[in-house]
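Just below is one structure, and these are the notes that go with it.
The values are calculated or read from the model by the stated rules, or taken from the named source; none is laboratory data. Note that the structure is a prediction, hence the values are computed from the model and not measured. Cβ placement follows ideal geometry from the backbone for every residue including glycine, while neighbour counts extend to all protein chains displayed. Surface areas here come from the heavy atoms of the whole protein model, side chains and all, with no ligands, DNA or RNA. Shrake-Rupley method; radii C 1.70, N 1.55, O 1.52, S 1.80 Å.
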Amino acid sequence: MEYKKIIEKYFREDKTIEKLESVFKEVLEALICSYAIGGKLLICGNGGSSADADHIVGELMNCYEHSRPLPAETVNIFANILGEEGTHMGEKLQRALPAISLSAHTALITAISNDIGYDYIYAQQVIGYGRKGDILMALSTSGNSQNIINGCVAAKANGIKTIGITGVSGGRMKDYCDIIIEIPEKNTARIQERTIQLYHLLCRALELHFFVDPRP
């Protein structure tokens with residue numbers, strides 16, 4: 001498959017993170033399995049990592065590099081409802097990989113912060129959104145943010161697989177993640193830059209797998 005060649009080429013050419021290829025493939029396989037059974041991705045992060053969470057959602061919920069047309073039968077349903085306008089609408093819309101940024105809903109976050117406490121803003125949403133078969137992706141450059149750790153704990157308590165992306169130490173978060181990508185950097189900005197590279201590659205691979213590459 002094309003996406004496998006892309007992954008191998010990327011890690012061969014970047015010696016700084018070549019040791020992450022195996023765990024990256026493990027993350028990709030976990031997401032493929034989740035989406036294949038109708039799961040969704042929940043993502044949490046603070047500050048720059050919150051922006052990354054929003055960014056990932058944008059790449060998964062909308063087309064990234066390739067068109068993802070709706071099935072012809074779905075377009076026909078739109079046409080039956082709205083006629084020519086429905087056909088146009090059905091041909092414009094894209095298939096998506098369901099993903100939710102847990103830092104995007106300001107009213108909800110402030111309500112949880114006010115009523116329960118800021119350390120629980122992600123844990124509470126995991127309880128509300130999460131279902132078995134879903135995945136929580138936790139982004140933290142230090143790996144020590146308490147609200148992130150609590151989100152991972154809530155996920156594990158509800159049978160939701162947890163994936164962490166953090167810096168070289170892993171922090172306390174690694175104790176609560178099923179899979180952890182420890183980017184070999186200590187500087188926050190460098191970790192974030194590497195994180196963007198990795199999740200772009202991840203989104204690209206998922207899109208190719210589900211919408212472009214022929215199924216095996």
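If the cut-off is a Cα-Cα distance under 24 Å, which lysines reach K15, setting aside same-chain residues fewer than 8 apart in sequence? The reachable lysines, counting only those whose Cα sits under 24 Å from K15, are K4, K5, K25, K174, K186. For the range 32-44, backbone phi angles converted through the Karplus equation (6.51, -1.76, 1.60; θ = phi - 60°) give residue-by-residue couplings of 4, 5, 5, 5, 5, 9, x, x, 9, 10, 9, 10, 9 Hz, Gly and Pro being listed as x.
Solvent-accessible surface of the chain, averaged per residue with a 1.4 angstrom probe and all protein chains in place: 49 square angstrom.
Assuming charge only on the beta carbon of Lys and Arg (+1) and of Asp and Glu (-1), the dipole of the range 146-194 about its Cα centre is about 40 debye to the nearest 20. To the nearest Å, what is the center-to-center distance of the range 132-198 and the range 44-105, using C-alpha atoms only? So the two Cα centres are separated by 25 Å. When peptides 135-143, 102-110, 53-61 are sorted by average Cβ neighbour count within 10 Å, with the highest value leading, the order is 135-143, 53-61, 102-110. What you get for the range 78-216, charging only the Cβ of Lys and Arg (+1) and of Asp and Glu (-1), is a dipole of about 380 debye around the Cα centre.
Applying the Karplus relation 6.51 cos²θ - 1.76 cosθ + 1.60 with θ = phi - 60° to the range 204-212 yields 3J(HN,Hα) values of 5, 5, 5, 5, 4, 5, 8, 10, 10 Hz, where x marks Gly and Pro.
Our Cα-only numbers for the range 76-142 put the radius of gyration and Dmax at 18.4, 53 Å.
Here the accessible area is traced with a 1.4 Å probe on the protein chains. For the range 89-216, carbon and sulfur cover 52 percent of it. For the range 148-165, backbone phi angles converted through the Karplus equation (6.51, -1.76, 1.60; θ = phi - 60°) give residue-by-residue couplings of 5, 4, 5, x, 5, 4, 4, 5, 4, 5, 10, x, 9, 5, 10, 10, x, 10 Hz, Gly and Pro being listed as x.
Ranking N80, Y64, M173 by Cα position along the charge dipole of the range 57-179, where only Lys, Arg, Asp and Glu carry charges on their C-beta atoms, puts M173 farthest toward the positive end. Expressed to the nearest 5 percent, the antiparallel share of DSSP beta bridges inside the range 1-159 is 10 percent.
Highest average first, the peptides 19-26, 121-128, 203-210 ordered by how many other beta carbon atoms sit within 10 Å of their residues are 121-128, 203-210, 19-26.
Distances between placed amide hydrogens fall under 5 Å for I181 paired with G164, I165, T166, all partners being 5 or more residues away or on another chain. Give me the compactness ratio for the range 16-69, meaning the Cα radius of gyration over 2.2 N^0.38 Å. Rounded to two decimals, the normalised Rg is 1.32.
Dividing the Cα radius of gyration of the range 2-127 by its Kirkwood radius returns 1.08 for Rg/Rh. Evaluated with a Cβ-only charge set (Lys, Arg +1; Asp, Glu -1), the range 1-133 carries a dipole of roughly 340 debye about its Cα centre, given to the nearest 20. If a/c stays under 1.5 just call it rounded; otherwise compare a/b with b/c (prolate if a/b is bigger, oblate if not). Do that for the chain, with a ≥ b ≥ c from the square roots of the Cα gyration tensor eigenvalues. Oblate shape, in that a/c is at least 1.5 and b/c is the bigger or equal ratio.
Taking amide H as placed 1.01 Å from N in the peptide plane, the amide H of L42 sits under 5 Å from that of I100, I135, L136, M137, each at least 5 places away or on another chain.
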